[in-house]
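Report on the following structure.
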Amino acid sequence: VSSTRAFFGTRAASWDDRFPDDGPAFTRAVAELSPPYGGVALDVGCGTGRALPALRGAVGPRGLAVGLDLTPEMLAGAAARGRADAGRLVLADALRLPVRSGCADSVLAAGLIPHLPDPVAGLRELARATAPGGRLALFHPIGRRALAARHGSVPSDDDVRAPGRLPGALAAAGWRLVSLDDGDERYLALAARIGTSA
Ligand SMILES: C[S@@+](CC[C@H](N)C(=O)[O-])C[C@H]1O[C@@H](n2cnc3c(N)ncnc32)[C@H](O)[C@@H]1O
């Protein structure tokens, strides 16, 4: 927790300025996640809330959009940009979400998974929060290769997001992979929550 907060805390103020052209990619990813009108959408690891306006637009005024993040400075950045108007902002750990089981219809996790110490445990917690049939989007507005290059590395086949690992990791956590765009332009994995309503 402390190392994540230290890393992102110093980056929060300039986060949106560092990646000024990502807006359309977020809008498109949220459209493909397709949150139901009037439903509950969570943005876990929301950062400065870049996806919240699109999530709010999808769920409409009677729906609920919630951005959750571990780093207070990121949430402060979201509030400073007026994104609390689009969604509630909650300080929370993705591995222990302060929400009822099955409350969410849609979950977005943009750039979150590589920062979790146990990504499958994270996917399992996202599944716990999601109603059967609900949907998950694992998203990066750039491709995995370009993202790895930013950190001076190359994508690994061991990465839970890699095509060879993702279906099994999702299945172990309660999800079924629906589609995967692991291209040069972006990363978008869409999954559906396995199970039936009680
Ligand atoms: C790469 S940033 C992405 C932020 C935002 N989703 C975006 O795309 O602009 C990753 C975010 O995940 C948050 N994060 C990392 N570990 C977390 C955890 N265990 N629980 C909640 N948020 C976490 C960080 O604080 C950071 O804001």
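At a glance:
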item: Solvent-accessible area per residue, Å², over segment 42-133 with all protein chains present [probe radius 1.4 Å]; result: 39 Å²
item: Whole-percent carbon and sulfur share, accessible surface of the chain, 1.4 Å; result: 53 percent
item: Segments 20-31, 118-129 sorted - mean Cβ within 10 Å per residue, highest first; result: 118-129, 20-31
item: Per-bin percent of Cα-Cα distances, segment 1-98 [5 Å]; result: 3, 15, 24, 25, 20, 10, 3, 0
item: Square roots of five times the Cα gyration tensor eigenvalues for the chain, Å; result: 22, 21, 16
item: Anisotropy class of segment 63-155 from Cα gyration tensor, a/c 1.5 cut; result: oblate
item: Estimated distance in nm for a label pair at Arg96 and Thr27, the labels positioned 7 Å out from Cα along Cα-to-Cβ; result: 3.9 nm
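The values are calculated or read from the model by the stated rules, or taken from the named source; none is laboratory data. Computed from a predicted structure; not experimentally measured. Neighbour counts run over all protein chains shown; Cβ positions are idealised from the backbone, glycine included. Only protein heavy atoms, including side chains, enter the accessible area calculation; ligands, DNA and RNA are left aside. Shrake-Rupley method; radii C 1.70, N 1.55, O 1.52, S 1.80 Å.
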